[in-house]
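**Q** Got a structure for you, written out below as structure tokens; questions coming shortly.
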Amino acid sequence: TGCGGLALLAAHVFMRSLAVTPALARAWWSALPRKLSGKVERYTAAFITPYLVSEEIDRVRQDEAYAAGGGGPASPSSPSTPPATPSPSPAPAPAPAAPTGGSVADEAAATHGGSSHLAQAAARIAAAQAKAAAAAAAAAAIPRNGLSVRASRSTREVTAKYTYDDVSMELSIRLAPCHPLRNAEVESGRRMGVQEGQWRKWLLQLSLFVSSRNGSIMDALNTWRSNVDARFVDVEECSVCYNVIHAQNLSLPKPRCRICKKRFHSACLWKWFSTSAVATCPLCRAQF
């Protein structure tokens, strides 16, 4: 009760914010004044990071044990909560501007004054978004290949090895001393059967998944593996973000240009149309 109880509640809400929405918490922390951000970083490293790192390591080991038992990757789950402390949920973040399930045509008309070209292009994107369930089913149908993961509490490191036929790749993810305020470091390991340019692209994709999404390290690794799996079974990548699976909504590239025949994620196209104010293909500039 009193000031002590309020301080304890504030600390718990802060801890839950770091655990459940690390990307949002990281953005908030990076915008703080330097002196205050230093204090928050020291407090996090001393009292919160050890618990969150332990949660990450436990989740990796749980997922690997589940996969070893023949169940495949465990479904994403939020970090567990200490039983003795109540868990108030952090305030929900405002919804992003990009469309995820609403009417793209309405958004385009409202943004660009009902331009006919934009409205037609947005209608085609909306039709592609209507097939989101089929795209999700197609993503789920992509064969899952070997991904073995090891984790160490002492080094705050997760090591992953991916294998597909004669292809082998190893990488490591090292959590920061003030995790998750600072991004985890993705480091390259041994690889066989992968060209340098493609390997660097995959490392960059994993870094993006780890830093930009509100989820666990295991969630990021499973998303990255799905992206690599899709590449090996010749699923076409988006020609805007160069990912097969979208980093935010996990969709596959569906809308296709009628001229150059390249496919794009609906969200990537919407962002391109919004920033350029024209409904043209990002590659060949043909009317979309």
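**Q** What's the total number of residues in region 255-288 that are modelled with pLDDT of 85 or more, assigned to a loop (DSSP other than H, G, I, E, B) and buried (at least 17 other Cβ atoms within 10 Å of the Cβ)?
**A** 8
**Q** Turning to a different aspect of this structure: Give me the pairs, please: first residue somewhere in region 48-67 and of a type in the set (D, E, K, R), second residue anywhere and open to solvent by 70 Å² or more (accessible area, probe 1.4 Å) and modelled with pLDDT of 85 or more, beta-carbon distance under 8 Å, and either six or more positions apart or on two chains.
**A** Pairs found: Glu64/Arg150.
**Q** Here is a further query. For the structure I just gave you, tell me whether Ala25 is open to solvent by less than 30 Å² (accessible area, probe 1.4 Å), among the aliphatic types (A, V, I, L, M) and touching an Asp or Glu at 6+ places or on another chain (Cβ under 9 Å).
**A** When the stated conditions are applied, Ala25 does not pass them.
**Q** Starting from residues that are farther than 21 Å from Asn183 by Cα and in contact with a Lys or Arg (Cβ under 6 Å, 6 or more places away or on another chain), keep the ones in region 214-243 and report whichever is modelled with the lowest pLDDT.
**A** Filtering region 214-243 for residues that are farther than 21 Å from Asn183 by Cα and in contact with a Lys or Arg (Cβ under 6 Å, 6 or more places away or on another chain), the one modelled with the lowest pLDDT comes out as Glu236.
**Q** Which residue pairs have Cβ atoms closer than 6 Å, lie 6 or more positions apart in sequence or on different chains, and pair a first residue in region 182-196 that is over 14 Å from Leu171 (Cα atoms) with a second residue that is open to solvent by 80 Å² or more (accessible area, probe 1.4 Å)?
**A** Between residues of region 182-196 that are over 14 Å from Leu171 (Cα atoms) and residues that are open to solvent by 80 Å² or more (accessible area, probe 1.4 Å), the close pairs are Gly193/Asp166.
**Q** Test Ser172 against the stated conditions and say whether it is closer than 30 Å to Tyr43 by Cβ, of a type in the set (S, T, N, Q) and open to solvent by less than 20 Å² (accessible area, probe 1.4 Å).
**A** The answer is yes for Ser172.
**Q** Can you pull out the residues in region 153-163 that are assigned to a strand (DSSP E or B) and open to solvent by 50 Å² or more (accessible area, probe 1.4 Å)?
**A** Lys161, Thr163
**Q** Then there is this: So how many residues does region 211-254 have that are touching a helix residue (DSSP H, G or I) at 6+ places or on another chain (Cβ under 7 Å), over 21 Å from Pro282 (Cα atoms) and open to solvent by less than 20 Å² (accessible area, probe 1.4 Å)?
**A** Count: 9.
**Q** On to the next question. Being under 20 Å from Thr163 (Cα atoms) and at pLDDT 85 or above is the filter here; which residues of region 203-213 pass it?
**A** Leu203, Leu204, Leu206, Ser207
**Q** Oh, and also: With at pLDDT 90 or above and in contact with a His (Cβ under 9 Å, 6 or more places away or on another chain) as the only criterion, which of Arg182, Arg174, Arg156 stands out? Walk me through it before giving the result.
**A** On the way: Arg182 fails: in contact with a His (Cβ under 9 Å, 6 or more places away or on another chain); Arg174 fails: in contact with a His (Cβ under 9 Å, 6 or more places away or on another chain).
On inspection, the qualifying residue turns out to be Arg156.
**Q** Moving on to the next point. Out of Pro90, Pro50, Pro76, Pro96, I need the residue that is open to solvent by 40 Å² or more (accessible area, probe 1.4 Å), at pLDDT below 60 and out of contact with any Asp or Glu (no Cβ under 6 Å at 6 or more places or on another chain). Which one?
**A** None of the other options fit; the residue is Pro96.
**Q** Can you name the residue in region 31-47 that is loosely packed, with under 15 Cβ neighbours inside 10 Å and either of a type in the set (Lys, Arg) or touching a residue at least 24 places away in the same chain (Cβ under 8 Å) (or both) and is also nearest to Ser216 (Cα to Cα) among such residues?
**A** Phe47
The values are calculated or read from the model by the stated rules, or taken from the named source; none is laboratory data. Bear in mind the structure is a predicted one, so any value in this text is a computation, not a measurement. All Cβ positions, glycine included, derive from the backbone under ideal geometry; neighbour counts span all protein chains shown. Side chains included, ligands, DNA and RNA excluded: accessible areas come from the protein's heavy atoms. Shrake-Rupley method; radii C 1.70, N 1.55, O 1.52, S 1.80 Å.
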